[in-house]
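The values are calculated or read from the model by the stated rules, or taken from the named source; none is laboratory data. Here the structure is a predicted model, which means the values were calculated and not measured. Every residue, glycine as well, gets a Cβ built from its backbone with ideal geometry; the counts of neighbours run over all protein chains shown. Just the protein is used for accessible areas: all its heavy atoms, side chains included, with ligands, DNA and RNA removed. Shrake-Rupley method; radii C 1.70, N 1.55, O 1.52, S 1.80 Å.
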Amino acid sequence: MDPTGVITIIGLAWRGLICENLLSAIQADILKNVARNVTQKSLRKFPDDFLFGAATSSYQIEGAWNDGGKGWSMWDHLVRTDPDHIIDGTNGDVAANSYYFYEKDIAILKELGANVYRFSVSWPRILPFGRADYINPEGIAYYNTLIDRLLANNITPFLTIYHWELPQNLNEQGGWLTEDIVDWFGDYARVLFQNFGDRVKHWLTINEPSVHCNLGYAIGLHAPRIKSPGVKYYECGRHILLAHARAYHIYKNEFAHQGGKIGLALDSEMSMPSSNSPEDIQATEDCMMFHLGQFAHPIYSETGNYPQRFIDLIAEASARQGLPESRLRSFSQEQIDYIRGTGDFLSINHYSSNYVYRNASVVNMHEVPSLLDDAQLAFYKDPSWPSSFWIATYGPGLHKLLVYIKNNYNNPIIYITENGFASTTGLNDEGRVSYFREYLTAVLDAIDDGVNVKLYCAWSLMDNFEWTFGYSIRFGLYEIDENDPEKTRRPRKSALVFKEIVRTRTIDMDYNPDPYASSAINKKTSIVLLAAISLIKTVF
Ligand code: GAL
């Protein structure tokens, strides 16, 4: 494997990819979409008020990277200054070209019968220089049109304010590592509330703080490529919590009359003990605290603040390293109170699960200092789970996670804002079909258990720029050939299956549509047309 591949694999450690003994399995599984038989349960229906949707993010789909008055984001900067860092040398300059082809997105959302579209706003498209002293009218106009067109088609917008597209200008002034970002982010959020809040009623402040800080500020895989897994990672997380809370309070204090709801998009894998030993059980709980808990506990727990185990373990590790104080900066009581309760709902992005263990082998396993070393644990995926790239299919993990959230965070309204499976090109995506069926079954199981889950968004509506993987990994219900200037969206088998689930509100395990059926008709039509043209040419 080339060095980029190795870095990528290492980089994905916290996403639950890595178990040392699984590295070879992951490599061997690349390109493998394993269809899995899912036990057919009795036909259960999703409740009438349950919503289905699909998700995307601005940098991954919009293109028009320097059109319409947009400024540079830190991703524009990364792909220009270090193009080789992207596995296939591509970038998001054009992507799905949704800045121009948003009608195509609305058409496929309609075709799916989606109730919800989760999309993000590009910060530098609205504020080209990052700060709110200059607002780009073309950026405002673009999202106004998108929102209006969604509503005209009965699709509810779920708007993510920040999905990793930090204006490069602000990145150069410290980005997520300076507390100034709390002001910058609050001012930016206010501009969106002012301009879109009359129609947008569901706001997600920041996408996946844990993944963003890990990939961007701990292991340096994503922009801005900072490597500091034991110090800056925590600083990034701290500022994200404060910035999220600022946006929440601005909304509640200045825009309450708009009557919308606001939360942040957390991410979590589900941790399960690899044995019944007290060490593994404690390690599993700690793993949840170091991933979900770091961001969920300050907002959704009764007491607020970071989880106590998280505080204690980082303090212990810092002491072992001879530091005079913990690498985790504590919040003041005022800050704890400012952050606590700043979520009207809990939004969760979930992809896979892990088995967790703690024994002597973990002591020197991780880089020092780092959050994994602080946590003193290791995890792996069951090799029998059908996997593709870093995602291993284990639907029951989502059921367990939803019940965990219900029990630990006072049974909040839960929106699943991302869930999806990786593949390569091709319309016959059996692995994704099995994945959706298994994970949606888990959602039904959670509903049966009284979990307040109200929305399921598939990641992703269509193929898009998958960060450092470029277009080498696909997540779309709809396929896009990145070389096609029209960026035609073609339904994969999973799109047809998803559409049927939305239509019937049940999961029919036997539904077996042929994704090539419509392309076959197109093929025949074009052959007939070609024949006709050559006949005309011969005659005249
Ligand atoms: C999520 C992220 C998305 C997308 C997805 C698939 O963590 O929010 O932008 O990249 O993973 O990898």
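One residue is enough: does the range 410-424 have a residue meeting the conditions of a type in the set (Asp, Glu), in contact with a strand residue (DSSP E or B) (Cβ under 8 Å, 6 or more places away or on another chain), surrounded by fewer than 23 Cβ atoms within 10 Å (Cβ to Cβ) and closer than 27 Å to residue 161 by Cα? Looking through the range 410-424, none of the residues is of a type in the set (Asp, Glu), in contact with a strand residue (DSSP E or B) (Cβ under 8 Å, 6 or more places away or on another chain), surrounded by fewer than 23 Cβ atoms within 10 Å (Cβ to Cβ) and closer than 27 Å to residue 161 by Cα. Could you pull out the residue among 85, 77, 163 that is in the same structural domain as residue 475 (by TED's automatic domain parsing), within 16 Å of the ligand (Cβ to nearest atom) and more than 20 Å from the chain's Cα centre (by Cα)? Unique residue meeting the criteria: 85.
Residues in the range 407-430: is at least one farther than 17 Å from residue 269 by Cα, within 16 Å of the ligand (Cβ to nearest atom), outside any helix (DSSP H, G or I) and among the aromatic types (Phe, Trp, Tyr)? Checked against the condition, which is being farther than 17 Å from residue 269 by Cα, within 16 Å of the ligand (Cβ to nearest atom), outside any helix (DSSP H, G or I) and among the aromatic types (Phe, Trp, Tyr), the range 407-430 yields no hits at all.
Per-residue answers, yes or no, for (1) at pLDDT 95 or above; (2) assigned by TED's automatic domain parsing to the domain that holds residue 48; (3) assigned to a strand (DSSP E or B); (4) surrounded by 13 or more Cβ atoms within 10 Å (Cβ to Cβ):
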position: 442; (1), (2), (3), (4): yes, yes, no, yes
position: 450; (1), (2), (3), (4): yes, yes, no, no
position: 455; (1), (2), (3), (4): yes, yes, yes, yes
position: 486; (1), (2), (3), (4): yes, yes, no, no
position: 502; (1), (2), (3), (4): yes, yes, no, yes
position: 512; (1), (2), (3), (4): yes, no, no, no
position: 526; (1), (2), (3), (4): no, no, no, no
position: 529; (1), (2), (3), (4): no, no, no, no
position: 536; (1), (2), (3), (4): no, no, no, no
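Pairing each residue of the range 477-499 that is closer than 12 Å to residue 109 by Cα with any residue that is in a helix (DSSP H, G or I) and among the basic types (Lys, Arg), provided the two are 6+ apart or on different chains, yields C-beta distances under 9 Å for 477/432; 477/499; 489/104; 491/499. Taking the condition on the phi > 0 side of the Ramachandran plot and surrounded by 14 or more Cβ atoms within 10 Å (Cβ to Cβ), does residue 322 pass? Criteria not met by residue 322. Of the numbered criteria (1) more than 22 Å from residue 418 (Cα to Cα); (2) touching an Asp or Glu at 6+ places or on another chain (Cβ under 7 Å), the one residue 210 fails is (1). For the range 93-112, the count of residues that are within 22 Å of residue 265 (Cβ to Cβ), acidic (Asp, Glu) and within 15 Å of the ligand (Cβ to nearest atom) is zero. Let me confirm something: among 277, 271, 210, which residue is small (Gly, Ala, Ser), away from the ligand (no atom under 16 Å from the Cβ) and buried (at least 19 other Cβ atoms within 10 Å of the Cβ)? Going through 277, 271, 210 in turn, the sole match is 271. Looking at 244, 222, just one residue is at pLDDT 95 or above, within 16 Å of the ligand (Cβ to nearest atom), over 21 Å from residue 82 (Cβ atoms) and not small (Gly, Ala, Ser), and that residue is 244.
The set of residues in the range 180-202 being part of a loop (DSSP other than H, G, I, E, B) and of a type outside the set (A, V, I, L, M, F, W, C) consists of 197, 198, 199, 201.
Can you pull out the residues in the range 390-422 that are in contact with a Gly (Cβ under 8 Å, 6 or more places away or on another chain) and of a type in the set (Lys, Arg)? Once the filter is applied, which keeps residues that are in contact with a Gly (Cβ under 8 Å, 6 or more places away or on another chain) and of a type in the set (Lys, Arg), the range 390-422 yields only 406. Of the residues making up the range 128-175, those that are surrounded by fewer than 22 Cβ atoms within 10 Å (Cβ to Cβ) and among the charged types (D, E, K, R) are 131, 133, 138, 148, 149, 172.
Scanning the range 327-346 for residues that are in contact with a Ser or Thr (Cβ under 6 Å, 6 or more places away or on another chain) and either open to solvent by 10 Å² or more (accessible area, probe 1.4 Å) or assigned to a helix (DSSP H, G or I) (or both) turns up at least one hit.
Would you mind listing the helices (runs of 4 or more DSSP H) fully within the range 1-119 where at least 2 residues are at pLDDT 95 or above and open to solvent by less than 30 Å² (accessible area, probe 1.4 Å)? Even if it seems obvious, please write down each step before you answer.
Working: elements: 3-11, 23-29, 58-61, 74-81, 98-112.
Those helices (runs of 4 or more DSSP H) span 58-61, 74-81, 98-112.
Number of residues in the range 469-501 that are within 16 Å of the ligand (Cβ to nearest atom) and in contact with a helix residue (DSSP H, G or I) (Cβ under 6 Å, 6 or more places away or on another chain): the value is 3.
Residue pairs whose Cβ atoms lie under 7 Å apart, separated by 6 or more positions or on different chains, with the first residue in the range 112-125 and assigned by TED's automatic domain parsing to the domain that holds residue 462 and the second assigned to a loop (DSSP other than H, G, I, E, B) and of a type in the set (Ser, Thr, Tyr), are 119/56; 120/57.
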